[in-house]
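See structure below.
Every read-out reported here was derived from the displayed coordinates using simple, explicitly stated rules and does not represent laboratory data. In this text, all values refer to a predicted model and were calculated from it rather than measured experimentally. Please note: Cβ atoms are built from the backbone with ideal geometry, for glycine as well, and neighbour counts cover all protein chains shown.
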Amino acid sequence: MTYSGKKRLRIILSAVDICLAIPGILVGGYFLGEKNYAFSAVLMIIFALIPFFLLFENRALMARELMPIAVMTAIAVVGRAAFFAVPQFKPIIAIIIITGAAFGAEAGFLSGSLSMLISNFLFGQGLWTPWQMFAAGLIGYISGLIGKNKALRKLPLLIIWGLLSGFIYGIFVDSWSLLAFGEGLTLESALTVYLLGLPYNAILAGATAIFIALLAPILLSKLERLKTKYGLIGAAEDKIPVIAEIPPKNAE
């Protein structure tokens with residue numbers, strides 16, 4: 001199989017994992033009930049790792065490639081905690097978008113999922129956790145796809161994507177509320193839940209756009225230099241060094 005064939009297979013497997021397997025876990029976790037949400041969250045993290053590790057099919061994973069993603073995830077968690085007193089006005093989605101744009105779709109999905117899971121140890125865990133993980137992970141994944149195209153990675157477009165992301169995230173969380181507390185899925189109940197959530201989603205969307213405008217110009221340029229200097233994940237694939245076997249010293 002050629003490299004392009006391997007890349008195509010990787011993309012297909014990642015798409016199946018994110019579009020089918022993880023939503024299946026999400027739905028299954030809902031029907032399993034409150035006591036099993038942690039099991040669903042752990043399963044989601046395991047499946048979120050699959051697309052990420054598929055990136056390293058032709059080379060070894062280096063610790064230095066995990067460090068920036070771990071740092072960005074920690075910043076997202078701290079950012080959400082720092083604004084705990086202001087409902088919905090949080091930088092977490094903006095940082096997830098920046099992470100995805102910098103390091104790629106797979107890293108964006110992983111960072112988004114982990115950020116929500118870890119920060120919920122401060123904000124509270126429950127059946128909503130897997131829904132938040134998937135929503136944030138999906139935003140990170142799409143951000144990675146956007147980040148591959150330099151024409152789309154311009155600041156005004158990222159700000160627009162940040163606005164849309166706030167509403168996308170809110171729709172997922174509102175959908176969980178509709179399923180958990182609604183008395184049957186009707187048009188009236190759906191309109192009620194989504195309309196009540198609209199002001200909160202608008203605040204999150206506005207906050208995300210503001211934090212992207214403030215943070216993206218600084219962080220993206222620094223992360224880009226790190227990728228280029230150290231050949232980290234998200235750098236051009238033809239420029240990423242492949243670790244080859246070192247021949248014995250006595251080999252002729």
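Assorted remarks:
- Residue exposure proxy: E224, E65, ordered by other Cβ atoms within 10 angstrom of their Cβ from fewest to most, comes out as E224, E65.
- For the range 58-236: rounded, prolate or oblate by the Cα gyration tensor [a/c cutoff 1.5]: prolate
- Listed peptides 146-158, 192-204 appear in the order 192-204, 146-158 once ranked by packing, highest mean of other Cβ atoms within 10 Å at the front.
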